[in-house]
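One structure below.
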Amino acid sequence: MTSDQIKKGKERAPHRSLLFACGMKREDMKKPFIGICNSYESFVPGHCHLNKVGEFLKQCVIEAGGVPMEFNTIAVCDGIAMAHSGMKFSLPSRELIADSVESIARAHCFDAMICVPNCDKIVPGMLIGALRVNIPTIFASGGPMAPGRHPLTGKDSDLNTVFEAVGAENAGKMSAKDLERVEETSCPGCGSCSGMFTANSMNCLYEALGLALPGNGTVLAVDPKRRELYREAARRAVKMAKTGGPKPRELVSRDSLDNALSLDMAMGGSTNTVLHTLAIAREAGVEYSLKRMNEISAATPYLCKVAPSGHYHVADVDRAGGIMAILKRLSAGAKRPFLHLNCKTVSGKTLGAQIRAAKIADDDVIRTVPNAYSQDGGLAVLWGNLAERGSVVKKGGVAPSMMKFTGKAICFDSQEEACEGILGGRVKPGHVVVIRYEGPKGGPGMQEMLAPTSYIIGAGLGESVALITDGRFSGATHGACVGHVSPEAAEGGLIGLLKNGDEITIDIPNRAINAKLSKTEIAARAKRAKKWAPRIKDGWLGRYAAFVGNASTGASLKQ
């Protein structure tokens, strides 16, 4: 076992002495050491209950015959970090988490690991670290939040409802008192935000990727069924430690990434899944591209529309049968599904075996293929002179009237400028809002744009205004919003050369995004453009800006 490096032989007596100081016994030295990588923080709703989860998992590991060794990573709440400078630290935190997982697992020689993430960057950050260490690892997330109840409509609500209510109040469509009522009722308790936002998208994808047990992405944080998931994860971790696998690099392959992206397209997950799966593939040494994602999108029917694209929430997906039920319907009905059912999973079963055991309980939550929302997927990659290396849109959240849109650019050089402009009434019907210098380098940190997109929707402009950015979006974003525009403005991309009034065409069915500018005009503007100067030159963000790669390859740090 890997842990023998710190517990076996007379020369390891000092190591054992230190372990005894932590409460271990002599008999524990014969058992597998199971690292429990927890992301508990008391001020992050997706993580505020994970201290109790950690304690429960430790007991379950002991019962299964292992020795638990719990450690923590950081966790940024994107909702709390949103719309101020704190959001610049969200995506970079993925790299810190990966480094910390690698550091602790290497230094303390775990035989296997249970990762307990929940929110956006923690999920991929832990996996990137696990891929580096490559010991048997199972993911057991904290679970999604239940939806709230809108005080005015009586319908389910969530964090996105609150952001849109800000826009509605600013436009005079809601009173300040009603805004307070919305904010008090939309996030009713612990868990990752209740729609198919980034956190839940990633936790669901890990089921298809083979790294988590069925139910990981959909069983609510407060559901008693979650405890059984944790107990089984502990059992599997101990068994995998004893048998030596499967390991993360055995599970993350081109085929399993196809499975995960097929699920993503079938349920219209967050655009951030594109960024994270590219980074995961890169770390695993698997060649995977935006082109491949578009091929999967073209072949995958959109079966399950969840907030913000629809009115259902993740709790409804769980009630309807969960992720395996979506994959079951996809495998049985799609003409050319990119599903590889022989892929191994941490359950000890193949993905196909898990899918066969699934039951579908609601044909509206998880639609049949003939009754799909569309016969292609909920995400799309667009190319053109504005995005020579690609851009991403949540197609499933775009109104039919906005699938093709031509408008005049109104340009902002930061998210803050854009929010001020939208709330100040500068954005009008027919505009394409351009938010630039917010990419991985330019931001730095590639901020999410939930605030400006929500203000547009809240102001009633969702079917008359589009938005493009070299930044990224929250999973809660919906509307004609194109992100990850690459190359970014800080790299000299065309998005940085646009002027107010330039004509921009977004053509989602044909996967195109272009500015109506001649090559001669573009070259002339590029020649006149000032060289980009980093906004932040010191501290963590300064280092991040200096070493981060392009969004089209996952915005990973260069090695």
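The values are calculated or read from the model by the stated rules, or taken from the named source; none is laboratory data. Values in this document were obtained by computation on a predicted structure and should not be read as measured data. Every residue, glycine as well, gets a Cβ built from its backbone with ideal geometry; the counts of neighbours run over all protein chains shown. Keep in mind that these areas ignore ligands, DNA and RNA; they rest on the heavy atoms of the full protein, side chains included. Shrake-Rupley method; radii C 1.70, N 1.55, O 1.52, S 1.80 Å.
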Relative contact order [Cα under 8 Å, 6+ residues apart], the chain, whole percent:
14 percent
So what is the relative contact order of the range 403-464, in percent, for Cα pairs below 8 Å that sit 6 or more residues apart?
35 percent
Let me check I've understood the local charge: for V182, count other residues with C-beta under 13 angstrom from its C-beta, Lys and Arg +1, Asp and Glu -1. What total comes out?
-3
Extended-chain gain in nm, criterion 0.36 nm per residue less alpha-carbon gap, K177 and K527
120.8 nm
Restricting to DSSP loop positions (anything but H, G, I, E, B) with no more than 11 other Cβ atoms inside 10 Å of their own Cβ, which trypsin sites (Lys or Arg not before Pro) remain in the range 365-405?
none
With every protein chain kept in place and a 1.4 Å probe, the residues I360, I34 fall, from largest accessible area down, as I360, I34
Given a Förster distance of 45 Å, the FRET efficiency implied by the Cβ-Cβ spacing of E503 and S85, rounded to the nearest 0.05, works out to 0.85
What order do K177, K530, K247 take when sorted by accessible area (1.4 Å probe), most exposed first?
K530, K177, K247
Over 28 Å between Cα atoms: which of K177/K408; K25/K239; K25/K121; K291/K537 fall into that group?
K177/K408; K25/K121; K291/K537
Distance-filtered residues of the range 14-50 - backbone nitrogen under 15 Å, label point 7 angstrom along I74 Cα→Cβ
39-44
Candidate span helices, the chain: DSSP H, at least 15 Å along axis from Cα coords, Kyte-Doolittle average at least 0.5, result 122-133, 322-333
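How do 55-62, 19-26, 332-339, 447-454 rank on mean C-beta neighbours within 10 Å, highest first? Before the final figure, lay out each step's value.
Numbers: 55-62: 19.8, 19-26: 11.4, 332-339: 16.2, 447-454: 29.5.
Ranked by mean Cβ neighbours within 10 Å, highest first: 447-454, 55-62, 332-339, 19-26.
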If you take the beta carbon distance between E420 and D364 as r and set R0 to 45 Å, what does 1/(1 + (r/R0)^6) give as a FRET efficiency, to the nearest 0.05?
0.65
From the helices alone, meaning DSSP H stretches of at least four residues, give me the mean residue ellipticity at 222 nm for the chain, per-run term -39500 (n - 2.57), in deg cm²/dmol to the nearest 500.
-11500 deg cm²/dmol
If the only charges are +1 at each Lys and Arg Cβ and -1 at each Asp and Glu Cβ, what is the size of the charge dipole of the chain around the Cα centre, to the nearest 20 debye?
1560 debye
Once each part is reduced to its C-alpha centroid, what is the distance from the range 6-67 to the range 289-308 in angstrom?
40 Å
Distance in nm between label sites at N342 and W540, each 7 Å beyond Cα in the beta-carbon direction?
4.4 nm
Label selected from (i) 24.7; (ii) 34.0; (iii) 35.6, the criterion being mean projected area of the Cα convex hull in nm² as computed here:
(i)
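How high is the relative contact order of the range 1-133? Use alpha-carbon pairs under 8 Å, at least six apart in sequence, and give a whole percent.
On the way: 199 pairs, mean separation 40.5, N = 133.
After rounding, I find 30 percent.
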Which residues qualify? For T137, with a placed amide H closer than 5 Å and at least 5 residues away or on another chain, they are M113
Protein chains only, probe 1.4 Å: how do K499, K558 rank by accessible area, largest first?
K558, K499
Per-residue accessible area for L386 at 1.4 Å probe radius, Å² rounded to 10?
0 Å²
Sum up the charges of everything whose Cβ sits under 11 Å from the Cβ of W540, counting Lys and Arg as +1 and Asp and Glu as -1, but leave W540 out.
0
Length added when fully stretched, S289-T243, from 0.36 nm per residue minus Cα-Cα
13.2 nm
